[in-house]
Amino acid sequence: MTLAVGDKIPSVDLNIMTGDGPGGISTDDLFAGKTVAVFGLPGAFTRTCSAKHLPGFVDNADALRAKGIDDIVCISVNDPFVMAAWAKAQNVGDKVLMVADGSAKFARAAGLDTDMSAKGFGVRCRRFSMVVEDGTVKSLQIDEPGSFEVTSAEVMLGQL
């Protein structure tokens, strides 16, 4: 079952890159006591993800924060090394926290997983965006496979 507005975020352990190398972070820690803009996408360095989805959140980080967003989180089914390299390539800086869901634990627990094995990608995350307040989903947008219509930072800004 797919996560819905009003649901609590599933409690899973994910990974981030720290100054000392890969480190763990739980969804409980990511979302507790904060308003978070979180977006998920099929993969780092992929066409739409690199050209539109991530850059939109980087470019609009200040505007999102001005509307009450405390943190911006990108989740993808990649390892923390890939997420860190992608962040560097995209000049993310500290605007977006790049979170690795390497085993698709979050994607599966949230019902946001998709099997892209036919394309050679394996299990990935569907393209989504949501606002989470203190661990509860307040808004959720999910794009249809192959599209980028409702999950952009610009759409989120218009809804805040």
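Brief remarks on what is shown
- For the range 27-47 versus the range 79-139, the spacing of their alpha-carbon centroids is 6 Å.
- 3J(HN,Hα) couplings calculated from phi for the range 144-155 with the Karplus curve 6.51 cos²θ - 1.76 cosθ + 1.60 (θ = phi - 60°) are, in sequence order, 5, x, x, 10, 9, 10, 10, 10, 6, 4, 5, 5 Hz; Gly and Pro show x.
- Taking packing as the residue-averaged number of other Cβ atoms within 10 angstrom, the listed peptides 15-25, 33-43 run from highest to lowest as 33-43, 15-25.
- Each semi-axis of the equivalent ellipsoid for the range 107-153 is √(5λ) with λ an eigenvalue of the Cα gyration tensor; in descending order they amount to 22, 14, 6 Å.
- Under 5 Å, built H, 5+ apart or other chain: amide partners of Ala104: none
Taken together, the values in this text are just the output of simple stated rules run on the coordinates, not laboratory data. Nothing here was measured: the structure is a model prediction, and the numbers come from that model. When we count neighbours, we look across all protein chains shown, and the Cβ atoms used for this are built from the backbone with ideal geometry, even at glycine.
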